[in-house]
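Read through the structure below, which is laid out as structure tokens, and then see the notes.
The values are calculated or read from the model by the stated rules, or taken from the named source; none is laboratory data. Values in this document were obtained by computation on a predicted structure and should not be read as measured data. Note that we place each Cβ from the backbone using ideal geometry, even for glycine, and neighbour counts take in every protein chain shown.
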Amino acid sequence: MGKTGLFFWIQGQVEAELVAGIPGVFFNDAMNGGIPVKHVRHAGSSVFFSVLAADYPKLRRAAKHSGGRMRIVKKRGIPFAIRRLPFPLPLAAGLCVMAMVIAVFGSMVFTVRISGNSTIPRAQILEALEENGVVVGSWQSSHDFAAVANRMMLRFDRLTWMTINPHFGAIEVQIWDKIPPSEQMTGEANAQIVAKKDAQIKSVDLVSGVSLVQPGAVVQQGDPLVIPDPEAMTNSWASSVQAQITGYTTVSVSFDTAYTVQQTEPTGQVKKYYGFSFGLSDPVFPVKTNNGFQEFSEKRYSRPFYIFGVELPLRLEILETSETKTTAVTLDQDQARELLEELRKDFESQMQEAKILNRNVHFSQNDSGYTLKVDYLLEESIGEIVLE
Amino acid sequence: MKHPPKEYIQDNITRIGYGLDYPLDAVFDIPSVRVVGNGMAIIEGCRGLIDYAAGRITIDLGEYSATIFGSDLVMENLAKGAMNVTGRISSVSFDRRAV
């Protein structure tokens, strides 16, 4: 069959009139010459037809053979539309290229957004995605994201559910972690829960098994707290212990510092380097080694680009190097206390499982330097499963 | 062994084709004219255009010529081997040509 109307429009077509001449002879010559002609029609005494702009000159001989001549009535298609544009061709070409680039980038995977992961590191998820073929720069349409999500759920037993949703130039991985209750102890058959440290029992929340302690009891490390139910053991092939046991514990921590410490301070001299990164690719920076600073610290941050509210895979990366100077500082008592308090706050921020009920802080000075001794009263899970 | 003439083979295949209700254009390279309603005619295997007037299009089909009569006849696609004609088709006639 002949070429489609879209092909004619892309190539550019002219609508022409055959003036005088014998239509049968003219169109027969066109057919024999392999020139596709469309929409041949009579209008009054004239015959109109459409032909590719490039083929129009080839028809002159056929028109002459038919005893007539041709006249262009209208020009249509992309080549003629470009000529009629009110702005220069390079601008139109640039707009077309930009539209194509956006369309291409939008249908590829350039950014992987992961949310909801609290136990599985981002790097492991990215590695698993890569094993399933979902890599930066691949086409979104080439992946079956539902199947990839199923495979990843089978691989990570700590996942309750996950979805992978493709967006413009990015995929969004939403994860629901399987977080076991931190104080909840689940045991195998013939296991028991023992105290993992000296404590006073605060509460016993028993799910299965028999509790040997009551709230208020003082236990030592290794004391049994919950044992399997003897009846369940005799009537069933398996028995388990499961309980949530919290207790009050104490712990002492010391933070030390010398009289003289090395202190690094910024001098105020800052140099910035700009680069770009696409998706997860490493940012490309200009040569940054010759920054002129003997000592410096680096800080990197990035700025995303948005178009119509959609984040593009392109990011502006900024590398900021600040000159620093290290000097020996002799601490007085206030400075030492301030420094040690910061260490204490850092330490406490890392205590996730234990809840601090009270603390006694004692600041002292000795031959080697300053010491901050902290006695904590904690509330934490004290149960530990051991096999009999 | 003497081979049977080509016409003999073709006649027999034609008979078999008729017997099986099999379209001949599927077996031989025969031009076909398919009229869809009275608004469209699809011609395949045409060799050329003999005549084109306001209410009449005559097409070269080799041994035959087909003439499509009607009004507002438009040749939508005109290419060697295939052609589409739209309009209000009133009749189609076939004439044997002197080849």
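If you go through the stretch A:1-32 one residue at a time, how many are touching a Ser or Thr at 6+ places or on another chain (Cβ under 8 Å), modelled with pLDDT under 90 and farther than 25 Å from residue B:56 by Cα?
Of the residues in that region, 1 qualify.
Just name the residue that is nearest to the chain's Cα centre (by Cα) out of those in the stretch A:361-388 that are in a strand (DSSP E or B) and exposed (fewer than 11 other Cβ atoms within 10 Å of the Cβ).
Of the residues in the stretch A:361-388, the ones in a strand (DSSP E or B) are A:361-365, A:369-381, A:383-387.
From what is left, the residues that are exposed (fewer than 11 other Cβ atoms within 10 Å of the Cβ) are A:364, A:387.
Details: A:364: 48, A:387: 42 Å.
If we take residues in the stretch A:361-388 being in a strand (DSSP E or B) and exposed (fewer than 11 other Cβ atoms within 10 Å of the Cβ), then A:387 is nearest to the chain's Cα centre (by Cα).
Tally the residues that are crowded, with 22+ Cβ neighbours inside 10 Å and within 54 Å of the chain's Cα centre (by Cα), restricting the search to the stretch A:38-47.
So the answer is 1.
Are any residues in the stretch A:322-360 without any contact (Cβ under 8 Å) to a residue 24 or more places away in the chain, among the polar types (S, T, N, Q) and in a helix (DSSP H, G or I), and if so, which ones?
If the condition is that a residue be without any contact (Cβ under 8 Å) to a residue 24 or more places away in the chain, among the polar types (S, T, N, Q) and in a helix (DSSP H, G or I), then A:335, A:349 are the ones that fit.
Those residues that are more than 25 Å from residue B:32 (Cβ to Cβ) and among the acidic types (Asp, Glu), I need them from the stretch A:1-53; list them, please.
Listed by number, the residues that qualify are A:15, A:17.
What about residue A:76, is it more than 14 Å from every other protein chain (Cβ to nearest Cβ) and closer than 24 Å to residue B:72 by Cβ? Quick ask: steps written out before the conclusion?
Values: more than 14 Å from every other protein chain (Cβ to nearest Cβ): yes; closer than 24 Å to residue B:72 by Cβ: yes.
Criteria met by residue A:76.
Please state which of the following conditions residue A:133 fails to meet, knowing it meets all the rest: (1) on the phi < 0 side of the Ramachandran plot; (2) without any contact (Cβ under 8 Å) to a residue 24 or more places away in the chain; (3) outside any helix (DSSP H, G or I).
The number of the failed condition is (1).
Do we have any residue at all in the stretch B:46-69 that's touching a Ser or Thr at 6+ places or on another chain (Cβ under 8 Å), of a type outside the set (D, E, K, R) and within 25 Å of residue B:9 (Cα to Cα)?
Checked against the condition, which is being touching a Ser or Thr at 6+ places or on another chain (Cβ under 8 Å), of a type outside the set (D, E, K, R) and within 25 Å of residue B:9 (Cα to Cα), the stretch B:46-69 yields no hits at all.
Kindly provide the set of residues from the stretch A:34-54 that are outside any strand (DSSP E or B), within 9 Å of chain B (Cβ to nearest Cβ) and either in contact (Cβ under 8 Å) with a residue 40 or more places away in the chain or in contact with a helix residue (DSSP H, G or I) (Cβ under 7 Å, 6 or more places away or on another chain) (or both), ordered by number.
Hit for the stretch A:34-54 is A:35, nothing else.
Restricting to the stretch A:111-121, name every residue that is under 24 Å from residue A:283 (Cβ atoms) and modelled with pLDDT under 85.
Kept after step one, since they are under 24 Å from residue A:283 (Cβ atoms), are these residues of the stretch A:111-121: A:111-115, A:117, A:121.
Of everything in the stretch A:111-121, those that are under 24 Å from residue A:283 (Cβ atoms) and modelled with pLDDT under 85 turn out to be A:117, A:121.
Looking at residue B:78, is it within 12 Å of chain A (Cβ to nearest Cβ) and crowded, with 19+ Cβ neighbours inside 10 Å? Full working, then the answer.
On the way: within 12 Å of chain A (Cβ to nearest Cβ): yes; crowded, with 19+ Cβ neighbours inside 10 Å: yes.
Spelling it out, residue B:78 is indeed within 12 Å of chain A (Cβ to nearest Cβ) and crowded, with 19+ Cβ neighbours inside 10 Å.
At the interface with another protein chain (Cβ under 10 Å from one of its Cβ atoms), within 25 Å of residue A:48 (Cα to Cα) and touching an Asp or Glu at 6+ places or on another chain (Cβ under 7 Å), is that true of residue B:88? It would help to see each step written out before you state the result.
Numbers: at the interface with another protein chain (Cβ under 10 Å from one of its Cβ atoms): no; within 25 Å of residue A:48 (Cα to Cα): yes; touching an Asp or Glu at 6+ places or on another chain (Cβ under 7 Å): yes.
No.
Quickly run through the stretch A:48-65 and pick out the residues that are crowded, with 17+ Cβ neighbours inside 10 Å and touching an Asp or Glu at 6+ places or on another chain (Cβ under 7 Å). Step through it out loud before you land on a result.
Keep residues of the stretch A:48-65 that are crowded, with 17+ Cβ neighbours inside 10 Å, which gives A:48-53, A:55-56, A:59, A:62-63.
Passing the criteria: A:48, A:50, A:62.
Go through the stretch A:55-101 and give me each residue that's at pLDDT below 85 and either aromatic (Phe, Trp, Tyr) or assigned to a loop (DSSP other than H, G, I, E, B) (or both).
If the condition is that a residue be at pLDDT below 85 and either aromatic (Phe, Trp, Tyr) or assigned to a loop (DSSP other than H, G, I, E, B) (or both), then A:84, A:85, A:86, A:87, A:88 are the ones that fit.
For the stretch A:27-68, give me each residue that is basic (Lys, Arg) and more than 23 Å from residue B:46 (Cα to Cα).
A:60, A:64
Given the criterion in contact with a strand residue (DSSP E or B) (Cβ under 6 Å, 6 or more places away or on another chain), of a type in the set (Gly, Ala, Ser), in a loop (DSSP other than H, G, I, E, B) and modelled with pLDDT of 85 or more, identify the matching residue among A:222, A:247. Please lay out each step first, then the result.
Details: A:247 fails: in a loop (DSSP other than H, G, I, E, B).
Step by step, each of A:222, A:247 is checked, and only A:222 is in contact with a strand residue (DSSP E or B) (Cβ under 6 Å, 6 or more places away or on another chain), of a type in the set (Gly, Ala, Ser), in a loop (DSSP other than H, G, I, E, B) and modelled with pLDDT of 85 or more.
Which ones in the stretch A:247-260 are touching a Gly at 6+ places or on another chain (Cβ under 9 Å) and surrounded by 12 or more Cβ atoms within 10 Å (Cβ to Cβ)? So that I can check it myself, show each step before the final result.
Narrowing the stretch A:247-260 to residues touching a Gly at 6+ places or on another chain (Cβ under 9 Å): A:247, A:256-260.
Answer for the stretch A:247-260, where residues must be touching a Gly at 6+ places or on another chain (Cβ under 9 Å) and surrounded by 12 or more Cβ atoms within 10 Å (Cβ to Cβ): A:247, A:256, A:257, A:258, A:259.
Could you tell me whether residue B:65 is loosely packed, with under 13 Cβ neighbours inside 10 Å, at pLDDT 90 or above, in the same structural domain as residue B:87 (by TED's automatic domain parsing) and outside any helix (DSSP H, G or I)?
Criteria not met by residue B:65.
Is at least one residue of the stretch B:27-39 part of a helix (DSSP H, G or I) and either within 14 Å of chain A (Cβ to nearest Cβ) or out of contact with any Asp or Glu (no Cβ under 9 Å at 6 or more places or on another chain) (or both)? Lay out the reasoning, then the answer.
Filtering the stretch B:27-39 down to residues part of a helix (DSSP H, G or I) leaves B:27.
Still in the list and also either within 14 Å of chain A (Cβ to nearest Cβ) or out of contact with any Asp or Glu (no Cβ under 9 Å at 6 or more places or on another chain) (or both): B:27.
The answer is yes, given that some residue of the stretch B:27-39 is part of a helix (DSSP H, G or I) and either within 14 Å of chain A (Cβ to nearest Cβ) or out of contact with any Asp or Glu (no Cβ under 9 Å at 6 or more places or on another chain) (or both).
Give the stretch A:102-130 a look and list any residue that's exposed (fewer than 13 other Cβ atoms within 10 Å of the Cβ), among the aliphatic types (A, V, I, L, M) and assigned to a loop (DSSP other than H, G, I, E, B), or say none.
Scanning the stretch A:102-130 gives no hits.
What number of residues within the stretch B:46-62 satisfy the criterion of being over 20 Å from residue A:36 (Cβ atoms) and part of a strand (DSSP E or B)?
Total meeting the criteria: 4.
Where residues in the stretch B:53-75 are under 10 Å from residue B:31 (Cβ atoms) and among the charged types (D, E, K, R), which of them is farthest from the other protein chains (Cβ to nearest Cβ)?
Once the filter is applied, the top-ranked residue is B:63.
Of everything in the stretch A:6-32, what is among the small types (Gly, Ala, Ser) and either in a strand (DSSP E or B) or more than 9 Å from chain B (Cβ to nearest Cβ) (or both)? Give them in sequence order.
We begin by selecting, within the stretch A:6-32, every residue among the small types (Gly, Ala, Ser); these are A:12, A:16, A:20-21, A:24, A:30.
A:12, A:16, A:20, A:21, listed by residue number.
For the stretch A:141-149, does any single residue satisfy the condition of being outside any helix (DSSP H, G or I), free of Cβ contacts under 8 Å to residues at least 60 places away in the same chain and either within 17 Å of residue A:279 (Cα to Cα) or hydroxyl-bearing (Ser, Thr, Tyr) (or both)?
So the first thing to find is which residues in the stretch A:141-149 are outside any helix (DSSP H, G or I), and the list is A:143-144.
Now drop any that are not free of Cβ contacts under 8 Å to residues at least 60 places away in the same chain, which leaves A:143-144.
From what's left, either within 17 Å of residue A:279 (Cα to Cα) or hydroxyl-bearing (Ser, Thr, Tyr) (or both): none.
Scanning the stretch A:141-149, I find no residue that is outside any helix (DSSP H, G or I), free of Cβ contacts under 8 Å to residues at least 60 places away in the same chain and either within 17 Å of residue A:279 (Cα to Cα) or hydroxyl-bearing (Ser, Thr, Tyr) (or both), so the answer is no.
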